[in-house]
1. Which value in deg cm²/dmol, rounded to the nearest 500, describes the helix-derived mean residue ellipticity at 222 nm for the chain, given -39,500 (n - 2.57) per DSSP H run of n ≥ 4 and division by the residue count?
2. Using 1/(1 + (r/R0)^6) with R0 = 25 angstrom and r between the beta carbons of His16 and Arg46, what's the FRET efficiency to the nearest 0.05?
3. Within the chain, how many Lys pairs sit with Cα atoms under 26 Å apart, leaving out pairs fewer than 8 places apart on the same chain?
4. Just how far, in whole angstrom, is region 57-78 from region 13-34 if you go by their alpha carbon centroids?
5. From the list (i) -0.53, -0.97; (ii) -0.58, -0.98; (iii) -0.33, -0.93, can you say which value of log10 I(q)/I(0) by the Debye sum over Cα atoms at q = 0.11, 0.21 Å⁻¹ was derived from the structure given?
6. Which whole-Hz ³J(HN,Hα) couplings does region 24-35 yield from phi under the Karplus relation 6.51 cos²θ - 1.76 cosθ + 1.60, θ = phi - 60°, glycine and proline marked x?
Amino acid sequence: MPNSKTFLNDLELEKHIKDMDSRELMEFTARQVYDVCSLVTKHERRINYLEKQSNKITGVIGGIGTFIGAVTVGVINYFINK
C-alpha cells in the first residue's frame with residue numbers, strides 16, 4: 001500500500017480510500033494524523049527558533065544603535081561645554 005507521499009493526485013487517493021475496508025481506513029487515517037502532527041511539531045519548533053533569533057538580532061542592533069547615539073550625544077555635549 002503506498003503512503004501519502006506517493007499519491008499523485010486526489011483521484012488516485014479517493015480510489016485508494018474506496019478500496020479499503022474499515023480497519024485499513026482507520027489505520028490509514030491514524031497514520032496520516034500522526035504524520036501531520038509530527039510535521040506541525042517540527043515546524044512549530046523551527047518557527048519559534050527563528051522568531052527568537054530575530055528578536056535577539058533586533059535587540060543587538062538596537063543596543064548598538066543606542067550606544068552609538070549615547071556616544072554621539074556625549075561628544076557633542078563635551079564640545080559644547082568646553
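1. -31000 deg cm²/dmol
2. According to the calculation, E is roughly 0.20.
3. Number of lysine pairs found: 5.
4. 61 Å
5. Answer label, from the structure shown: (ii).
6. 4, 5, 5, 5, 4, 5, 4, 5, 5, 4, 4, 4
We did not get these values from a lab; they are worked out from the coordinates using the rules stated. Since this is a predicted model, take the numbers as computed values, not measurements. Note that each Cβ is placed from the backbone with ideal geometry, even for glycine, and that neighbours are counted across all protein chains shown.
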